[in-house]
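Chemist: Have a look at this one.
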Amino acid sequence: MTQVQQLVANQESNLTTSIDKASPAKEPIKHLLIGSPKAVTSTIHLLQVIGYANVKDWSPLLPTANAGEVMSILSRHIWLK
C-alpha cells in the first residue's frame, strides 16, 4: 500500500469512528490540495478562516513525485438535500 493510500485509509478510519454511520443524508467527500508547500499551507489556513475546515483536520504535507510539490488530504462528510 502506498503512503497516499495509507493516509486516505487512516483519514477514513478516523472519521468513521467520529461520524454517525446511521445518517443516510451524509456523504463522504475528499479534498486533495497539491502545490508548493506555501500554496497548500496558505489554502488550508484560508479554508479555516472562512469556516470550512480546521487546520488540524488536514493530513500532514506529503511530498509528491514532483520536486518542490506536496499534497494534503481532507476527508469529511457533507449533508445532502
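Chemist: Using a Förster distance of 22 angstrom, determine the FRET efficiency expected from the C-beta separation of GLU27 and TYR52, and round it to 0.05.
Modeler: Values: r = 16 Å, r/R0 = 0.74.
With a Förster radius of 22 Å, E is 0.85.
Chemist: Test of the criteria: in segment 44-81, which chymotrypsin sites (Phe, Trp or Tyr not before Pro) are in a DSSP loop and have at most 13 other Cβ atoms within 10 angstrom of their Cβ? The partial results should precede the final answer.
Modeler: Values: sites: TYR52, TRP58, TRP79; in loops: TYR52, TRP58.
Qualifying residues, ordered by number: TYR52.
Any read-out appearing in this document is the output of simple, stated calculations on the displayed coordinates, not a laboratory observation. What you are looking at is a predicted structure, and each value in this text was computed from that prediction instead of being measured. Don't worry about glycine lacking a Cβ; one is built from the backbone with ideal geometry, like all the others, and counts go over all protein chains shown.
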